[in-house]
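Notes for the one structure printed next.
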Amino acid sequence: MLNKNKLDVASKMATQLLKEGMLWGEELENFIKSGKGRYGYTFYTTEEEYLEFENAVLDYIEKRINKQVKVTDIKTKTSAIYKGISEATKGIRCNSPGSLYYYIKYKKIYKNRYLIEHSRPKLNEI
């Protein structure tokens, strides 16, 4: 189990990876292992701890990406992806974010025109 400091560092690394571009394979491993010098202490001593830390970084990346909202216009058959629920409310001229959460949760169509859902790309689509 990772402690709070290690989870905080994993969150910072995930944010940095999303800003600078995602790495995979050996590049990701080298990026995480080089974090030892940037953050001043060793995050892991065994291979199991390293894998747990790497999984924490990837989980934080998925959580940040899952905040995106996909709005599909049924009449024109176009879709748009917004960074968050507040941007989606502005994009489709909705009064409150709470009503969009309702339509997302129950998979209903807003104003008989917009299908609203969370945009959930997989890690290999980043």
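Values as computed for the structure displayed
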{"item": "Odd one out for Leu51, checked against (1) modelled with pLDDT of 85 or more; (2) among the aliphatic types (A, V, I, L, M); (3) touching a strand residue (DSSP E or B) at 6+ places or on another chain (Cβ under 7 Å)", "result": "(3)"}
{"item": "Filtered residues of segment 60-100 (kept if under 17 Å from the mean Cα position of the chain (by Cα) and of a type in the set (Val, Ile, Thr))", "result": "Ile61, Ile65, Val69, Ile81, Ile85"}
{"item": "Helices (runs of 4 or more DSSP H) wholly inside segment 17-109 that include at least 3 residues being among the small types (Gly, Ala, Ser), free of Cβ contacts under 8 Å to residues at least 24 places away in the same chain and within 27 Å of Asn3 (Cβ to Cβ)", "result": "none"}
{"item": "Matching residues in segment 1-16 - criterion: being of a type in the set (A, V, I, L, M) and in a helix (DSSP H, G or I)", "result": "Leu7, Val9, Ala10, Met13, Ala14"}
{"item": "Selected residue (only one of Gly35, Gly25 is surrounded by 15 or more Cβ atoms within 10 Å (Cβ to Cβ), out of contact with any Pro (no Cβ under 7 Å at 6 or more places or on another chain), over 23 Å from Ser119 (Cα atoms) and small (Gly, Ala, Ser))", "result": "Gly35"}
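The values are calculated or read from the model by the stated rules, or taken from the named source; none is laboratory data. Small disclaimer: the values here were computed from a predicted structure and weren't measured. As a convention, Cβ positions derive from the backbone with ideal geometry for all residues, glycine included, and neighbour counts pool all protein chains shown.
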